[in-house]
Amino acid sequence: MSLHYAFVQLNFNNTVTAGWTIRKAYKLTEKASQDNPEYIPLLKSAGFLNIVIGSVPKKYEWLVSLVGLEGSIEQGLNQLDHLVQNDPTLAAEGTALLALINVYLNLNAELKHKLSFDSNLSSLINALISSKIGENDTAIRELSRLELLARAYPVISYLTGEAKLRAQEYDKARKYYFDFLKSNKGEANVKDTYFKIALTFHLNQKQDSANYYLAKGRNSGSEKTAADRHAAKVISSSKLPN
């Protein structure tokens, strides 16, 4: 619960609260592991925390040390792997975590092929991983399996729009971006979505429409995500890319 709460705080840029809550999660997990060393489900939190703390950039390591945290990516991967091998109830979740971590930390992209359980979660994770390693056709195929869930989970429409944009299917990309804006109730990725809609028009040499959605993006959403910050930077420049 502390880990989930910390990531919610990070999403709202409350970094100090998030940091101390991650520390709380770490200390709780550390004590629980000492009290119950044979309790395998604890490895999910312990492994994840090890990887998160172990991947902190070097310039912030002093801060991690100051608040009493220690982490190792290798140890975390071993803990998650042990979880997958020895706890059938958490094997699917552990495999999903391992697959995402390996790809996003550029450790071993081939691990994604172990993600074979049949579920909506599997399709989403395979789509994320396929997008990350440049297998766009696979990403589109996996996302198509989730289309009926897009109203409840607008991020599916956003990710599909991204995949269609990469495929140069600009009309279809716009359709999914508009679906995202219609269903989404938050601010994350809104600015980027307007920018991407403008980009689809720009790439089709429809500059009036592109300028209209650039203006919408300039006055909408936030800059909480990396995608939104990049969109804001491009929108504020004098011209779109060639």
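With a ≥ b ≥ c the root eigenvalues of the C-alpha gyration tensor of the range 16-112, is it rounded (a/c under 1.5), prolate (a/b larger than b/c) or oblate? In terms of gyration-tensor shape, oblate.
For the chain, the solvent-accessible area with a 1.4 angstrom probe is 59 square angstrom per residue. Compute log10 of I(q)/I(0) for the range 117-222 with the Debye formula, placing one identical point scatterer on every Cα and leaving out solvent, at q = 0.12, 0.22, 0.25 Å⁻¹, to two decimals. The calculated log intensity ratios at q = 0.12, 0.22, 0.25 Å⁻¹ are -0.39, -1.14, -1.32. Look at the dipole of the chain built from charges on Cβ: of Ala198, Ala163, Ile133, the Cα furthest out on the positive end belongs to Ala198.
Let's test the formula: R0 of 22 Å, r as the Cβ-Cβ distance of Asn86 and Gln34. What FRET efficiency results, to the nearest 0.05? Let's see the in-between values first.
Working: r = 19 Å, r/R0 = 0.88.
Computed FRET efficiency for Asn86 and Gln34: 0.70.
Evaluate the distance, in nm, between pseudo-label points positioned 7 Å from the Cα of Leu107 and of Glu70 along their respective Cα→Cβ axes. Inter-label distance under the simple model: 1.9 nm.
Quick one: pull the percent of accessible area on the range 127-242 belonging to carbon and sulfur, 1.4 Å probe, ligands and nucleic acids left out. Please list the in-between numbers first.
Values: 3200 of 6530 Å².
Ligands and nucleic acids excluded, carbon and sulfur reach 49 percent.
The lysines whose alpha-carbon is closer than 19 Å to the alpha-carbon of Lys216, local same-chain residues fewer than 8 away aside, are Lys175, Lys182, Lys185, Lys191, Lys196, Lys206, Lys224, Lys233, Lys239. The trypsin sites (Lys or Arg not before Pro) of the range 156-210 meeting both criteria, a DSSP state outside H, G, I, E and B (loop) and at most 15 other C-beta atoms within 10 angstrom of the site's C-beta, are Lys185, Lys206. Summary: within the chain, the longest segment free of GluC sites (Glu not before Pro) located in DSSP loops with at most 13 other C-beta atoms within 10 Å is 71-242.
The values are calculated or read from the model by the stated rules, or taken from the named source; none is laboratory data. If you're wondering where the values come from, they're calculated on a predicted model, not measured in any experiment. A quick note on method: Cβ atoms are made from the backbone with ideal geometry, for glycine too, and the neighbour counts reach across all protein chains shown. Ligands, DNA and RNA are stripped out before the accessible areas are found, and what is left, the full protein with its side chains, is counted by its heavy atoms. Shrake-Rupley method; radii C 1.70, N 1.55, O 1.52, S 1.80 Å.
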